[in-house]
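A short reminder: the numbers here are calculations on the coordinates, not readings from a lab. What you see is a predicted model; the values in this text were computed from it and never measured. In this analysis, Cβ positions are derived from the backbone assuming ideal geometry, glycine residues included, and neighbour counts consider all displayed protein chains.
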């Protein structure tokens, strides 16, 4: 039996960089490892899978509509008085270094916020963020937290988010996005599903893979931080989230239309 | 802390039947439980998530193109000399009773075939199938199995599949589908991704959720088993898989086109 275990390369996390699905497999393994370390909930694996599929149908790249949303999001974060980045298990497992880099560049705290409570999860996420260099992490002290109304999940418990004016929520659930909107927060979402409730409720929806979107936001922040407030406000005012989501749906339609020819080419090889 | 655990209903497997996402959550929990019982591999959770997303964009229902494929598939299974149904961890976790029912109705063996080998997995899957009433289960005796060429994963090991003329593969990986095709097997696939390599390589591709497709096949089998061979051959000859997949892509395009208006209605509530 041993021989089979070692020969089954698909279970091996050392995916060769030349593998056509290298990036996708690398992040898949980060999520599975995250589950083993308590960082990721079991349902987080299923959520990751949903993301993979939506990523296929936007062509697994940062689209031009995503770039527009990223620019507006960075402008909003630069203008904000009390912005905060909410971090869940999947985000922490996938891109801890990038989250910390963005947080430091924009001087915005990270707040750990999880859907599924489990003893030790907050600590595991805190560890992964600290290992990535984070120094300003909110949401770690149960006693300091207050509860958002109308929410059943553990997501209801917030710390700095309670007083924030702009909340960035990568990988959020619809209930909480709606709750945050009802408290008049400006919400920036990163969500691969362009018509999830989070995507629809958010003020700025970045339909992109978090593993590409956060590095893209870092690049964008380095440029936009040179602008003055008037210029940033202009960027923000020019952005229309609903039109941008509709344009994203058009990109998906084009992608699928294309697949009617493209996909079948593998059969001719 | 206890209080939080009990209040967090989202982690509770007793989802109320009135919940709008009842079915989706029920099957999600079956997959998570399957992982805890060794039936489902960790990557199987991610695969399930991908399926959920593809199910969204076909509208979470058995489409008319899926019904056409189901009819052709049942005809092919009724005509076949040595048909077999390949069962992996996710399939066994989701619909063990339905798989057994279909297997008995058509007098076709079930063969356990898994991508990720782990000590005890085959046994766990065998148990779940036996509990569901299965009596003819292949692929459980390591010593009786032979290896398909050109495959690295544990999927290469086959038992009755080696001599089968028609292999039904619910939830298959592309490499093995291609390997089976190269051995001149007729392949029937159930795959929610209409352009996965499995979907493209298969002779008959049922783009549907396995939890709806197998019950639908059972219904269909009860009808078609009354027909004579000539009529079954005619059904099969009239079916064109590539056109049917393209028609499925058109249904998806329509669905997404519709979302450009439908999705935003929740914001007006």
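In nanometres, what is the gap between the two model label sites at residue B:18 and residue B:181, each 7 Å from Cα along Cα-to-Cβ?
4.9
With a point put 7 Å past each Cα toward its Cβ, work out how far residue A:33 is from residue B:143 in nm, to one decimal.
Computed distance between label sites residue A:33 and residue B:143 equals 4.0 nm.
What fraction of the DSSP beta bridges in the protein assembly as shown is antiparallel, stated in percent and rounded to the nearest 5?
So the antiparallel bridges amount to about 10 percent of the total.
Provide, for q = 0.14, 0.21, 0.26, 0.27 Å⁻¹, the log10 of I(q)/I(0) from a solvent-free Debye sum over equal Cα point scatterers in the stretch A:149-211.
-0.34, -0.77, -1.12, -1.19
Determine the shape class of the stretch B:36-83: with a ≥ b ≥ c the square roots of the Cα gyration tensor eigenvalues, call it rounded for a/c under 1.5, and otherwise prolate if a/b is greater than b/c, oblate otherwise.
Taking the square roots of the gyration eigenvalues as a ≥ b ≥ c, the stretch B:36-83 is oblate.
Please list, in order, the residues from the stretch B:226-244 whose amide nitrogen is less than 15 Å from a point placed 7 Å along the Cα→Cβ vector of residue B:79.
From the stretch B:226-244, the list is B:227-241.
Which distances in nm, rounded to one decimal and ordered from shortest, link the label point of residue A:120 to the equivalent label points in the other identical copies, with labels set 7 Å from Cα toward Cβ?
In nanometres, ordered from closest: 1.8.
Which one of A:168, A:35, A:222 has the biggest mean-square fluctuation once chain A is modelled by GNM with Cα springs under 10 Å?
Result: A:222 has the largest fluctuation of those listed.
Identify the residue of chain B whose Cβ lies closest to the rotation axis that maps chain B onto chain A, and give that distance in whole Å.
B:49, 1
Stick to Cα atoms and the Kirkwood definition of Rh, then tell me Rg/Rh for chain A.
My calculation of the ratio gives 0.99.
Counting pairwise Cα distances across the stretch A:99-213, what percent come out greater than 18 angstrom?
52
Shape of the stretch B:111-151 from its Cα gyration tensor (a ≥ b ≥ c, root eigenvalues): rounded if a/c is under 1.5, otherwise prolate when a/b > b/c, or oblate?
prolate
Sorting B:243, B:103, A:86 on the 10 Å Cβ count, fewest up front, what's the list?
B:243, B:103, A:86
What is the log10 of I(q)/I(0) for the protein assembly as shown, computed with the Debye formula using one identical point scatterer on each Cα and no solvent, at q = 0.09, 0.12 Å⁻¹?
-0.69, -1.15
Kindly provide the pair-distance distribution of the stretch A:195-252 built from C-alpha pairs, with 10 Å bins from 0 and whole-percent values in order of increasing distance.
Bins of 10 Å from zero give 19, 44, 34, 3 percent of pairs.
Restricting to Cα pairs below 8 Å that are 6+ residues apart, what does the relative contact order work out to for the stretch B:89-199? Please round to a whole percent.
21
Please give the per residue volume of the convex hull enclosing the alpha carbon atoms of the stretch A:134-269, rounded to a whole number of Å³.
It comes to 180 Å³ per residue, whole-number rounded.
Below 8 Å, C-alpha to C-alpha, sequence gap of six or more: please give me the relative contact order for chain B in percent.
It comes to 22 percent, rounded to a whole number.
Just the Cα atoms of the stretch A:38-158, one point each, no solvent: what log10 I(q)/I(0) does Debye give at q = 0.14, 0.20, 0.23 Å⁻¹?
Log10 of I(q)/I(0), two decimals: -0.70, -1.28, -1.38.
With a cut-off of 8 Å between alpha carbons and a minimum separation of six or more residues, what is the relative contact order of the stretch A:25-178 in percent?
Relative CO of the stretch A:25-178 lands at 27 percent.
Of B:34, B:133, B:44, which is the most mobile in a GNM of chain B whose springs link Cα atoms less than 10 angstrom apart?
B:133
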